[in-house]
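The values are calculated or read from the model by the stated rules, or taken from the named source; none is laboratory data. All figures in this text were calculated on a predicted structure; none of them were measured in a lab. Cβ placement follows ideal geometry from the backbone for every residue including glycine, while neighbour counts extend to all protein chains displayed.
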Amino acid sequence: MNNRDESLVRHFNQLLTLADAVIVTDSTHRICFVNDVYEQITGYKEKDIIGKKAGILKTKLTPVETYIQMKASLENRQPWSGVFTNRKACGELWHSSITITPYVIDDKVYFAGIFRVLEDLERGHYLDEKRVRQLQGSLLKVLAISCEIRDPGIENHLIRVQNLTELLVERHNERIDSQLDYHYTSQIVNASIMHDIGKSAIPEGILYKPGSLAPYERIIIEMHPQIGVDILTKIYGELDDELFENEFSVAKNVILYHHEKWNGEGYPFHLAGESIPFEARIVSVVDVYDALTTKRPYKEKWTQKAAIELIVEHSGKHFDPAIVESFITLYEDGSLDTYG
Ligand SMILES: [Fe+2]
Ligand SMILES: [Fe+2]
């Protein structure tokens, strides 16, 4: 109570009696006062934190973007709401949803923050969308690479397919203005690296056989989409976490349908046109492009131009013509130059 301005307290009196934790800072974010609920939840006593910067509670688990957005709103004297992961005096994490409102009293600016504990976040760390995607992406990458560890060249192929998928999905989305949301497009990118996980169950003698395959060998190779889905189902059964729930169906579509063809002559189900899921139609183009432009034991590396010509020739046969058009724009503006 020492340094606290009583007239100021009167202004904030109503707020301070709320059942939520309340903190009031001055324009430099130094703590002016907190209410009893705040003391109870955080374990900080008002007398110990008064005059300190509100940032003492911060943790790195609150994304930097959250602070940037908060600062921008408050600088414009606009209220701001968001989610913070702070640390209590005892070191425990404290997840809360906060609304900060600027007040001008006697020409001075104050910020009043009202925190509400997010109980469902108490069980774990709060992860923002971007970190969830990154986490899912790295986990799937490790899985995909370890499934195909027998082929030393495969890691580069998988990573290039993933990068090309990202380029193509973004370009296609822009070009035809399909307004695909970020969740879906990042799921496609994450899933693309898994497209061939089913090959891990194919005998090496068939998988790496130089020259042409016997009909029964071809049948075995063509089982890799279904085998891949079996593997995926097991992996996701183990992960059994809501973080991965939505990823499953996109990954399944990519794995199961990346060898289907627009004209219905692909495998394993001979689906045609738009009955082939969009994500599989995208990956199918980049998978073939990357295979052509990479040197393999049984073939030389094709030039970018020759690979594009083949893809154009198969537009409407193997590939979705609209997706091929988007892919050509990547070729024309040089975006493919780093990929062979
Ligand atoms: Fe494949
Ligand atoms: Fe592939």
Self-check item: Counted residues, the range 200-229 - those being touching a Cys at 6+ places or on another chain (Cβ under 9 Å) and either outside any helix (DSSP H, G or I) or modelled with pLDDT of 90 or more (or both)
Solution: 1
Quiz item: Is there a residue being more than 12 Å from ligand 2 (Cβ to nearest atom), touching a residue at least 40 places away in the same chain (Cβ under 8 Å) and not hydrophobic (A, V, I, L, M, F, W, C) anywhere in the range 219-226?
Solution: yes
Quiz prompt | Set Val64, Val142, Val83: member being outside the structural domain of Glu247 (by TED's automatic domain parsing), exposed (fewer than 12 other Cβ atoms within 10 Å of the Cβ) and either at pLDDT 85 or above or within 30 Å of Tyr184 (Cα to Cα) (or both) | solution = Val64
Quiz item: Name the pairs: first residue in the range 175-195 and within 16 Å of Val283 (Cα to Cα), second residue modelled with pLDDT of 90 or more and small (Gly, Ala, Ser), Cβ to Cβ under 6 Å, at least 6 apart or on different chains?
Solution: Ala191/Ala251; Met194/Ala251
Quiz item: Any idea which residue in the range 145-179 is modelled with the highest pLDDT, counting only those that are in contact with a His (Cβ under 9 Å, 6 or more places away or on another chain) and surrounded by fewer than 18 Cβ atoms within 10 Å (Cβ to Cβ)?
Solution: Ser178
Quiz item: What about Thr185, is it more than 16 Å from ligand 1 (Cβ to nearest atom), outside any loop (DSSP other than H, G, I, E, B) and within 19 Å of the chain's Cα centre (by Cα)?
Solution: yes
Quiz item: Of all residues in the range 272-298, which are within 16 Å of ligand 1 (Cβ to nearest atom) and among the basic types (Lys, Arg)?
Solution: Arg281, Arg296
Quiz item: If a residue has to be within 16 Å of ligand 1 (Cβ to nearest atom) and under 20 Å from Tyr257 (Cβ atoms) to count, how many in the range 189-214 make the cut?
Solution: 12
Quiz prompt | helices (runs of 4 or more DSSP H) within the range 230-340 that include 3 or more residues modelled with pLDDT of 95 or more, closer than 19 Å to Lys199 by Cα and within 15 Å of ligand 2 (Cβ to nearest atom) | solution = 245-257, 278-292
Quiz item: If you go through the range 167-177 one residue at a time, do you hit one that is within 13 Å of ligand 2 (Cβ to nearest atom) and acidic (Asp, Glu)?
Solution: no
